[in-house]
Amino acid sequence: MTKPFKNRILFVITFLLTTGLFAQSDIKSFSFKKGEILDILLLTTKPDTKQNFERYKQTIFPIGIKKTYQPLPGFKISKTIQGNIQPTSFIFGKWKDLKNREEFLSEIEGIVPDFHQQRRDLWSVFNLTYYEMPKDISFKIDKNKYTVATSYWKKDDTRFEKFINLWQQKTTSKGGTKILELTNGKSPLGYYHNPDLLVITQWNTKEEFDAFYKENLKMNHNGVLHVNQFVLN
């Protein structure tokens, strides 16, 4: 079996797993080594795009895989709680390192000239942030729990820090658990969505989150420039 063919077989298996065509656990596990790249994509897929997606898989996915891209389990966005965009999918991806991630961005248009047009044909919302892992990190997301992804942009360093400290205290006091916290992301031209802080939290029930949310809305937001917040499932 040639290496390119093996890579394609591995991709197909991974794609089937991440799209739910094979049985899978309700607990999704993620693991990254220091220096690896975590992609977070916010997507809304246009209707009747099956044919376009097949072409995208054939022309663009193999190049990503060559540059070490690995698709990971993603989540539906069932609700936008705060913010000005309403994507329908929250997708994770992995790259070996920053070099491969950014070489893909700089080289893909020369290899596939209609790369950006293909994306526009497929998705009405496509926002991307990628993060270089500063250390080894592992986390799990339980689909049976109430999972919320919150992105904050800061207006003022000091007031924002106070806001986040209180936000995290209220999260804990109301039964929430921080699953993942990300800072220092990068976002490419045309797909820009780069919050100063992204936090994924889990709650045993929606009612627990709602109790926290009422307290959250009462907080002083003077240090906050913008927020997006989504429920994942």
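The values are calculated or read from the model by the stated rules, or taken from the named source; none is laboratory data. As the structure is a prediction and not an experimental result, all values here were calculated from the model. Backbone-built Cβ (ideal geometry, glycine too); neighbour counts: all protein chains shown. The area values use the complete protein model at the heavy-atom level, side chains included, leaving out ligands, DNA and RNA. Shrake-Rupley method; radii C 1.70, N 1.55, O 1.52, S 1.80 Å.
For the reader, a short list of remarks on this structure follows.
- Working from the Cα coordinates of region 43-108, the gyration tensor eigenvalues give, after taking √(5λ), semi-axes of 25, 17, 11 Å in decreasing order.
- Global geometry of region 159-206, whether rounded, prolate or oblate, following the gyration tensor of its Cα atoms and the 1.5 cut on a/c: oblate
- The sum of -39500 (n - 2.57) across all DSSP H runs of n ≥ 4, divided by the residue count of the chain, sets its helix-only mean residue ellipticity at 222 nm to -11000 deg cm²/dmol.
- Rh (Kirkwood; distinct C-alpha pairs) - the chain, Å: 19.0
- With a simple spin-label model that places each label point 7 Å from the Cα along the Cα-to-Cβ direction, the separation between Leu98 and Asp142 comes to 3.6 nm.
- Rolling a 1.4 angstrom probe over the protein heavy atoms with all chains in place gives the chain an accessible area of 55 Å² per residue.
- The chain - percent relative contact order, Cα under 8 Å, separation 6 or more: 27
- Overall, the accessible surface of the chain at a probe of 1.4 angstrom is composed of carbon and sulfur to the extent of 52 percent.
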